[in-house]
Amino acid sequence: MSVEKLKNFINGEWVDSESTEYGDVRNPAWDKLLCQVPMSTKAEVDRAVQAAKNAFPEWRNTPPVARARCLHRLRELLEENFDELSRVQTTEHGKTIDESRGETRRGIEMVEVATGIPSLMQGYNLEDIATDIDEYCIYQPLGVFGHIAPFNFPFMVPLWYLPFAIATGNTFIVKPSPRDPMSQVELFKLFDDAGIPPGVVSLVHGAADVANHLLEHPDIKGMTFVGSTPVGKIIYRKCGETGKRVIAQCGAKNYLVILPDVDLDSAVPSLMTSFFGNTGQRCLSGANAVVVGEDDAFFKRFVDTFVEAASKIRVGDGLDESVQMGPLQTGESKKRVIGFIEKGIEEGAKLLLDGRKLNLVGDVPETCFLNPTVFGNVTPRMTIGREEIFGPVANIMRAKDLDEAIEMIHSNPYGNAVSIYTSSGKMARRFQHDVMCGNVGINIGIVAPMAFFPFSGMKDSFFGTLHGQGRDAIRFFTESKIVIQRWF
Amino acid sequence: MVLIWNSIQAAAVIRFATEVEEKSAQFYDDCAKRYSEVEETFLSFVRENKKNVTLVKRAYYGVISDALEACFSFKGLNVDEHFFETECDEKAALSDILKMSLEMENNIQDFYQRASALSESLMADLPRALKKVAEKRKERKHTLESLLDSVR
């Protein structure tokens, strides 16, 4: 039986790739081949950029209100196709169906916010900056933008940028992750029906070669990227060299600080979501839980409750609605996470729950699965306490007070997200004020900013100036033009 | 239809709610054909059940996001406990049907109340929708009790 080969979407048409090199896209839960994805050629990238460049003048001259109507139609189409879009995400990524539906909802929210572009894109002015002279600031689009997408949120992440880019009058090219590109294919099928003209959005499959060519292309004005920190640093440097704007949202090692005044029954479900949601494969995942204080009884109760809850998580095929955690996205990811677990044991951490001992729902193959793992006695210097694992591994640490907990956070090079769990407003306020981190949660485990706020990030978690989403995105995708006028 | 979901994922709870509504609607629809005295009332229940499905699903799809701790909510909710029978003797007296309906509605109301209470920490729309359906089931019980009094 022949396997479907995915096509690129260039200039409003689905086209076969001329590449001879293809990668496999697999269902991680059942370890089955779903389709093949082309590693597109430089010429194909060039054609997508040319189409985007050609489409730009007419699209930027389309009134914002008309561009917004296209996005309204897109939103309606996304709602109509909500379940199918979600099912595809689970099939190719492995996450649970609830998580996929959450991802779809978050993606739609981006489109909803971008439909407000006639208001969001307004500039400002001042009469009489000097006698009979007025000054205006107008926001104008720049041209072609590109996006290099990660595998962990195959549907949502490109939508952190795409709706804002095209709403502001730019054109946009997405290179999805070759590991799970089908979600973007499903999304792009809707653009034509939404009335978005050919060339305004393009989809070019591929891996590093396609990404590099986008980064080096002289006709691309800016790049957006979500992925690892080492790659993010390369992208930031390359964009600097080629004069492109850049948003590079990168890795993380997120701390969750637990004060002894917290209500554990309320906090633990949130902590489970934080550490094990999306099988730990997200830049907002909890990594290190720091229990503050010298109350040994509370510490023991926390550890017991946490480990018990983690041990009860049902792991299996994400399409099974009784399952709470899906597989890792590939067998290689599983091997990498096992490597971290072994390193943790070797460096002296205490293995409280061993996720390598599989307990799976249903008759799924073991290839990509791990159950939740919990380590105790972890220090910030250990490999597992320091590096991003990107898997279902939780580390429990202790700090004598909040200051020490904040020091531990600051000792890590990342600055993506942190959370504090407490019933003390004073401690929470001090934490949010002092901590050097982009996204702060107070009794919230996953600090995922809504579409109308920027997705922040600091230190090695973010490279750029403006962030994705919200007003930052509007500013990123537009240039300020100043007009100073006098009439004689 | 077998109602054996034993899960705490939001998707499973919503699926169970849908099944509850469909199964009880089928029961009322069948009975409406057999007992003309309650035909109008039972058919209004069938219509209301359809609206309930829409209400709950709309809330779920509206708020489901990674802000909603969907995989780890509804702790302790065992939907097996809310299983109910709808099979009955075709020649059963109307009073027996009404008693059975009351028992079923009790069970369903209890399910919605528990699901609503357990999801209180989530975004407000979902627990509110679940609570609203629980209240509708309470009103329905009053209607059924009045009907039962009238046929005794």
Counted residues, the range A:20-45 - those being part of a loop (DSSP other than H, G, I, E, B) and in contact with a Gly (Cβ under 8 Å, 6 or more places away or on another chain): 5
Hey, any hits in the range A:70-88 for a residue that's of a type in the set (Lys, Arg), under 26 Å from A:GLU366 (Cα atoms) and not assigned by TED's automatic domain parsing to the domain that holds A:SER333? yes
Which numbered condition A:GLU84 misses (of (1) over 19 Å from the mean Cα position of the chain (by Cα); (2) in contact (Cβ under 8 Å) with a residue 24 or more places away in the chain; (3) farther than 21 Å from A:MET325 by Cα): (3)
If A:ALA473 satisfies all but one of (1) small (Gly, Ala, Ser); (2) touching a residue at least 24 places away in the same chain (Cβ under 8 Å); (3) more than 26 Å from A:PHE172 (Cα to Cα), what's the number of the condition it fails? (3)
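Yes/no matrix, rows are residues, columns are (1) of a type in the set (Phe, Trp, Tyr); (2) more than 18 Å from A:PHE477 (Cβ to Cβ):
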residue	(1), (2)
A:PRO198	no, yes
A:LEU203	no, yes
A:ALA211	no, yes
A:GLU216	no, yes
A:PHE225	yes, no
A:SER228	no, yes
A:VAL231	no, yes
A:ILE235	no, no
Selection status of A:VAL268, within 25 Å of A:ARG101 (Cβ to Cβ), within 14 Å of chain B (Cβ to nearest Cβ), of a type in the set (A, V, I, L, M) and touching a residue at least 40 places away in the same chain (Cβ under 8 Å): yes
Scanning the range A:22-51 for residues that are out of contact with any strand residue (DSSP E or B) (no Cβ under 7 Å at 6 or more places or on another chain) and among the acidic types (Asp, Glu), the one surrounded by the fewest Cβ atoms within 10 Å (Cβ to Cβ) turns out to be A:ASP46
Taking the range A:213-271, which residues are modelled with pLDDT of 95 or more and acidic (Asp, Glu)? A:GLU216, A:ASP219, A:GLU241, A:ASP261
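For the range B:111-146, how many residues meet the condition of being under 9 Å from the mean Cα position of the chain (by Cα) and not aromatic (Phe, Trp, Tyr)?
Here the count works out to 3.
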Just one listed residue, out of A:ALA48, A:ALA68, is out of contact with any helix residue (DSSP H, G or I) (no Cβ under 8 Å at 6 or more places or on another chain) and closer than 23 Å to A:LEU162 by Cα, and it is A:ALA48
Within the range A:369-387, is even one residue more than 14 Å from chain B (Cβ to nearest Cβ), surrounded by 19 or more Cβ atoms within 10 Å (Cβ to Cβ) and closer than 28 Å to A:GLY23 by Cβ? yes
Selection from the range A:273-314 of residues under 19 Å from the mean Cα position of the chain (by Cα) and either more than 14 Å from chain B (Cβ to nearest Cβ) or not in a loop (DSSP other than H, G, I, E, B) (or both) yields A:THR273, A:SER274, A:PHE275, A:PHE276, A:GLY277, A:ASN278, A:THR279, A:GLY280, A:GLY286, A:ALA287
Residue by residue through the range A:335-349, note down the ones that are surrounded by fewer than 17 Cβ atoms within 10 Å (Cβ to Cβ) and over 17 Å from A:ASN371 (Cβ atoms). A:LYS343, A:GLU346, A:GLU347, A:GLY348
When (1) modelled with pLDDT under 95; (2) under 12 Å from B:LEU126 (Cα atoms) are applied to B:LEU55, the one that fails is (1)
Going through A:SER333, A:SER322 one at a time, which residue ends up being within 14 Å of chain B (Cβ to nearest Cβ), under 24 Å from A:PHE153 (Cβ atoms) and either outside any loop (DSSP other than H, G, I, E, B) or in contact (Cβ under 8 Å) with a residue 24 or more places away in the chain (or both)? A:SER322
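Given the structure, is B:LYS75 among the charged types (D, E, K, R), part of a helix (DSSP H, G or I), surrounded by fewer than 20 Cβ atoms within 10 Å (Cβ to Cβ) and within 12 Å of chain A (Cβ to nearest Cβ)?
No: the conditions fail for B:LYS75.
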For the range A:435-453, give me the residue count where each residue is in a loop (DSSP other than H, G, I, E, B), surrounded by fewer than 22 Cβ atoms within 10 Å (Cβ to Cβ) and away from every other protein chain (no Cβ under 14 Å). 2
Qualifying residue in the range A:111-122 (condition: more than 14 Å from the chain's Cα centre (by Cα), farther than 30 Å from A:PRO178 by Cα and small (Gly, Ala, Ser)): yes
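So that you can scan it fast, the table gives a plain yes or no per residue for (1) of a type in the set (Ser, Thr, Tyr); (2) surrounded by 13 or more Cβ atoms within 10 Å (Cβ to Cβ):
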position: B:LYS91; (1), (2): no, no
position: B:MET104; (1), (2): no, yes
position: B:ILE108; (1), (2): no, yes
position: B:HIS142; (1), (2): no, no
position: B:SER150; (1), (2): yes, no
Any chance A:SER183 is among the hydroxyl-bearing types (Ser, Thr, Tyr), under 21 Å from A:ALA448 (Cα atoms), away from every other protein chain (no Cβ under 14 Å) and touching a residue at least 60 places away in the same chain (Cβ under 8 Å): yes
Out of A:VAL45, A:VAL37, A:VAL113, A:VAL3, which single residue is touching a residue at least 60 places away in the same chain (Cβ under 8 Å), of a type in the set (A, V, I, L, M, F, W, C) and closer than 30 Å to A:VAL364 by Cβ? A:VAL37
Which of the numbered conditions does A:GLY102 fail, given that it passes all the others? Conditions: (1) loosely packed, with under 15 Cβ neighbours inside 10 Å; (2) within 14 Å of chain B (Cβ to nearest Cβ); (3) free of Cβ contacts under 8 Å to residues at least 24 places away in the same chain. (1)
Restricting attention to the range A:123-156, and to residues there that are in contact (Cβ under 8 Å) with a residue 12 or more places away in the chain and polar (S, T, N, Q), which single residue is nearest to A:PHE56 (Cα to Cα)? A:GLN140
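The values are calculated or read from the model by the stated rules, or taken from the named source; none is laboratory data. This structure is a prediction, so every number in the text was calculated from the model and none was measured. Backbone-built Cβ (ideal geometry, glycine too); neighbour counts: all protein chains shown.
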